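What follows is a set of notes on a single structure, which appears directly below.
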Amino acid sequence: MAVQSPPITYKPEWCSVSEKYTDICPFETRKSGNIYKCNCRNQDDTFKTVSTFNTHIRNKYHINWVKQYGTHTTLEIKKLEDELKIALKEKALLHAELEKQSARAEKYKQKYDKLKCKSEEYHDVCD
């Protein structure tokens, strides 16, 4: 039984000349390669040869997806940046709470040590 690797997610590449995302074939001519999947329809459309890739990119839904890819990417990056800000705020609050609890634990440890010392002094006297 052959071991198969998971499909690679296909993403269009940025063309700096035209300043648009474009489809670039990930395969060599007349050779099959790894399986790629495209999420342009929110489904896993797969291809592993040049001909299946070319057939896929000619579909209207894929062409529209590539045109809007930059917009979706920008919105996703914005959303992730907002989530990161929230996570960093939560981290700062949790770190402050940890420092507060550590100081509190140290204070109780010192009180415990002081009481332990006193009890040992009285214990020696009683014997």
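Read-outs: derived from the displayed coordinates by stated rules, not from any lab. Predicted, not measured: the structure shown is a model, and the values here were computed from it. Neighbour counts are summed over all protein chains in view; Cβ atoms, including those assigned to glycine, are modelled from backbone coordinates with ideal geometry.
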Selected from 44, 113, 82 as most flexible by GNM, with the chain as the system and alpha-carbon contacts under 10 Å: 113
Debye log10 I(q)/I(0) at q = 0.14 Å⁻¹ for the chain, Cα point scatterers: -0.82
Selection from 103, 54, 115 lying farthest towards where the dipole of the chain points positive, charges on Cβ: 54
Of 93, 9, 42, farthest towards positive along the dipole that unit charges on Lys, Arg, Asp, Glu beta carbons give segment 8-126: 42
Helix axis angle, 69-126 relative to the chain longest principal axis, alpha carbon, degrees: 20 degrees
Candidates 88, 98, 80: whichever shows maximal mean-square fluctuation once the chain is modelled as a Gaussian network with Cα springs under 10 Å: 98
Max mean-square fluctuation residue, GNM over the chain, Cα-Cα springs under 10 Å, options 69, 112, 21: 112
Residues with amide H under 5 Å from that of residue 49, placed H, sequence gap 5 or more: none
Helical mean residue ellipticity (222 nm; -39500 (n - 2.57) per DSSP H run of 4+; nearest 500) of the chain: -20500 deg cm²/dmol
